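S.K.: The structure's right below; bear with me while I get my questions together.
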Amino acid sequence: MSFLALTIPLSLLLAGVMLALVLRAVREGQFDDWEGPAIRHLYDDDEVPEEPASSDPTH
Amino acid sequence: MSAAAEAGLMLEGLRCAGCAHRVEEALRGAAGVRQATVNYTNHRALVEFDPDATDREHLVEEVRSLGFDAVPYDPRTLDRPADRSARAALTRLLIAAFLAGNVMWLAFALYVGALEGMESDVRAALRWCVVALSIPAATWCALPFWQGAWAGLRRGRLSIDVPIVIGISMSLGTTIAGTWGEVDHLYVDSAAMIVFLILLGRTLERRARARASSAVDRLSALTPREATRRSASGALETVPVEALVRGDVVHVGAGERVPCDLRVEGHAVEVDESIVTGESTPVLRDVGDAIPAGAIVAGIELHGCVAAPADQGTVARMSELLERAQASRPPIQRLADRVATVFAPTVLLVALATGLWSAFTGLSGLEIAMRTAAVLIVACPCALGLATPAAITAAVGRAAQLGILVKSGAALERLAGVRALLLDKTGTLTEGRFRVARVHPAAGVDSGEVLAWAARAEGASSHPLGAALREASPASGPPLEPVRARPGLGVIAGEEEPVIVGQARLLEEAGLEISPELERQALPWRERGYTIVWVARTRVLGWIALWDEPRADARPAVEALERTGVDVHLITGDHAAAARLAAEEAGIVRVEAEVSPEAKLAWIGSQREAGRVPAAVGDGLNDAAALGAADVGIAMARGSDVTLQAADLVVRSPRLTAVPEALGLARATLRRIRENLGFAVAYNAVAVPLAITGVLGPLEAAIAMSASSLVVTANALRLLRWRLA
């Protein structure tokens, strides 16, 4: 029984850290554009399609 | 009554076609609203209203009172609210994934424990962990469902969220009750997993919808946001596109996109106008010619005068048309819409009946709850609601890529059934431009000389034959002056020894005699439908045969149409011989010439009576009546005119093969819609009985429900890759 008290919180904590990292990436807008990055290198530097202004401070 | 104003609204919080239908009804019922359409696929509402009676703010209020949110939009700010809500949805999904994932391994441990034996206190501990993880999943993660259900109930309506939240609650309730009561066999993982799966389904569906409707956004994204303007002093400055007004002069570098509709100044340029025509071979645009926004300049820098501000230009009008088409609903959808709105109450009744029946057959309380939950979750009409709009949206987007603007979904549905096609000649089967087919010099004269004199005489003429002669002999020398035009006969140009170009009668008037030999050689050409132009100076130099050549792809287009069971009729007001010649070249066997516009309408009526759905293809100018009268009017557009009123479809590219393409795409679309509707009905017919009998548990029900929506959407998205076989 005592091993459960250690392993369950530990595994939840571990998964929680991963979740937090992914959520931070979402907030930074890394998942806003799922297609652009794959073709972005095909554009000239000055033609990169701008990402929509996503610096909303409430997020 | 003042002119109607129009507002676009981005809707947030729509969860199924039923929601879209409710918003539409509410908007239509609102004071001052004349027309409203809501597209579930791209979550946009298009409202036409009386600006004296209401305004955008009131419309937004109306939507909010239903429990949804609305943001007025214009295409340039389009992605922002959508992005924000997409991020919130993704966050919710990831947290649900975290909770459901952990519930899953705990449930697996419990499952193994049930088979191999497990101490009762360990089992209880694991079960309580599951309960602790399931509660936030069923509440916070499922918040959109709770909100949707509540918003509907407040207005006295049962939305599809009601069965879903009841299903989730029942799953959670059985898990808690079973854990509390230390029941032996207990499914503990369903609540968290159901929430995760439904959220996953909606997220994937949202992304698919975004892809289907992106054709419109892509159009506006392809026009630059800044332009280089030449000020009065000649200095160049960079200004936002919105700042440009009619008459401004802008410079566009080689390889760059044109910021707004321009008229060429200074020198001719080559441009790639594929954004509007779908045809990427660069075309030559001379000084004074119009170039649409979004075209790419090839070769050298373009100087142009602004012909229309960005928000009134070709691309803006095209976007508007596309959006209107995607928002419109074909008749086949109306039935599905009605079914979707009565679905939720039906599902609740069926679930209740299932519960009662299970109790009657003596199942335990927990089993009854599980079975009822499964019925509630499996029977979602989402697939039914998505079946048509997803296909229409994808098809309209694909058509735009092919250079075809579709004005409504209903037109696509009608086009699929077309069996007879009325084809106009000039400007439709042909480009409406004469070309030289043959030059026949008199004895002792060089054919180049005949052409050169003709071209010089026509040097300043705007007559279509003149343009053809100049084109055939571009380096013929300066135009002759002065020119005396004889309308209907030809021209006489030059001071001494004037050149006469025109009909034989004009030569006779000048006292010149055409040798019987030349006359005899010209006769068969005239009889075959060519236009014969005589050229003379002090004597007859020869004759030139011209014709309005069918488009290069006319024959393959006609063959493709005939192959798919459509009878192609060339019906024109033109002379019989000319019509026959063009028809022969294009491989058309059914020809009627010298037909009046009234007779065209009569022809359309007779085809309809014979049960052969008629479509008319024209250039939208002289045959607007026929385009309007036919079941489907297709206009071959010239220049930047995309809003041809009478037509249901506007072909922007100069290809006639766009017509069989449009027809093929329409048929494919209708096929997809039928498949989708059939699948959605079959899904419910199979899944609901399985849930009632307990074969499908709540978890399998959630998988099946999400999968059915995805199948329908994926099937519709196949249209984005459609091409003429």
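The values are calculated or read from the model by the stated rules, or taken from the named source; none is laboratory data. These figures come from a predicted structure and were not determined experimentally. Cβ coordinates were reconstructed from backbone atoms using ideal geometry, including for glycine residues, and neighbour counts include every protein chain displayed.
S.K.: Restricting to helices (runs of 4 or more DSSP H) lying wholly in the stretch B:314-422: which have 1 or more residues that are at negative phi, modelled with pLDDT of 85 or more and buried (at least 19 other Cβ atoms within 10 Å of the Cβ)?
M.R.: Once the helices (runs of 4 or more DSSP H) in the stretch B:314-422 are filtered for at least 1 residues that are at negative phi, modelled with pLDDT of 85 or more and buried (at least 19 other Cβ atoms within 10 Å of the Cβ), what remains is B:331-360, B:365-378, B:382-401, B:409-416.
S.K.: Search the stretch B:105-119 for residues being in contact with a helix residue (DSSP H, G or I) (Cβ under 7 Å, 6 or more places away or on another chain) and touching a residue at least 60 places away in the same chain (Cβ under 8 Å), and hand back the single one that is nearest to the other protein chains (Cβ to nearest Cβ).
M.R.: Step by step, filter the stretch B:105-119, then rank; the result is B:106.
S.K.: Kindly provide the set of residues from the stretch A:1-51 that are at pLDDT below 80, within 8 Å of another protein chain (Cβ to nearest Cβ) and either loosely packed, with under 11 Cβ neighbours inside 10 Å or in a loop (DSSP other than H, G, I, E, B) (or both), ordered by number.
M.R.: Within the stretch A:1-51, A:1, A:32, A:34, A:49 meet the criteria.
S.K.: Which one is farthest from the chain's Cα centre (by Cα), of the residues in the stretch B:692-712 that are among the hydroxyl-bearing types (Ser, Thr, Tyr) and modelled with pLDDT of 85 or more?
M.R.: If we take residues in the stretch B:692-712 being among the hydroxyl-bearing types (Ser, Thr, Tyr) and modelled with pLDDT of 85 or more, then B:693 is farthest from the chain's Cα centre (by Cα).
S.K.: Now for a separate question. Is it fair to say residue B:191 is in contact with a helix residue (DSSP H, G or I) (Cβ under 7 Å, 6 or more places away or on another chain) and either modelled with pLDDT under 90 or among the basic types (Lys, Arg) (or both)?
M.R.: yes
S.K.: Same structure again: Filter the stretch B:568-596 down to residues that are modelled with pLDDT of 90 or more, touching a strand residue (DSSP E or B) at 6+ places or on another chain (Cβ under 6 Å) and outside any helix (DSSP H, G or I), then give me how many there are.
M.R.: 8
S.K.: Here is a further query. As an exercise: evaluate residue B:594 against (1) surrounded by fewer than 23 Cβ atoms within 10 Å (Cβ to Cβ); (2) in contact (Cβ under 8 Å) with a residue 24 or more places away in the chain; (3) at positive phi and give the number of the one condition it does not meet.
M.R.: The number of the failed condition is (2).
S.K.: So if I check each of B:250, B:264, B:241, B:216, which one is at pLDDT 80 or above, more than 23 Å from residue B:344 (Cβ to Cβ) and within 29 Å of the chain's Cα centre (by Cα)?
M.R.: None of the others qualify; the one that does is B:241.
S.K.: Among the residues of the stretch B:146-200, how many are in contact with a Phe, Trp or Tyr (Cβ under 7 Å, 6 or more places away or on another chain) and of a type outside the set (A, V, I, L, M)?
M.R.: Here the count works out to 2.
S.K.: Mind counting the residues in the stretch B:137-174 that are modelled with pLDDT of 85 or more and among the hydroxyl-bearing types (Ser, Thr, Tyr)?
M.R.: 2
S.K.: Continuing with the same structure: I'm told residue B:77 meets every condition in (1) within 14 Å of chain A (Cβ to nearest Cβ); (2) crowded, with 16+ Cβ neighbours inside 10 Å; (3) at pLDDT below 80 except one. Can you identify the failing condition by its number?
M.R.: (2)
S.K.: Which fully enclosed strands (runs of 3 or more DSSP E) of the stretch B:445-563 have 3 or more residues being farther than 30 Å from residue B:588 by Cα and touching a helix residue (DSSP H, G or I) at 6+ places or on another chain (Cβ under 8 Å)?
M.R.: Once the strands (runs of 3 or more DSSP E) in the stretch B:445-563 are filtered for at least 3 residues that are farther than 30 Å from residue B:588 by Cα and touching a helix residue (DSSP H, G or I) at 6+ places or on another chain (Cβ under 8 Å), what remains is B:490-493, B:499-502, B:531-536, B:540-550.
S.K.: Could you tell me which residue of the stretch B:462-494 is surrounded by the most Cβ atoms within 10 Å (Cβ to Cβ), considering only residues that are within 44 Å of the chain's Cα centre (by Cα) and among the hydrophobic types (A, V, I, L, M, F, W, C)?
M.R.: For the stretch B:462-494, the residue satisfying everything is B:469.
S.K.: For the list (1) more than 30 Å from residue B:609 (Cα to Cα); (2) crowded, with 16+ Cβ neighbours inside 10 Å, I need the number of the one condition that residue B:513 fails.
M.R.: With (1) more than 30 Å from residue B:609 (Cα to Cα); (2) crowded, with 16+ Cβ neighbours inside 10 Å applied to residue B:513, the lone miss is (2).
S.K.: Another question, if that's okay. So which residues in the stretch B:120-144 are under 12 Å from residue B:192 (Cβ atoms), away from chain A (no Cβ under 12 Å) and surrounded by fewer than 16 Cβ atoms within 10 Å (Cβ to Cβ)?
M.R.: B:139, B:140
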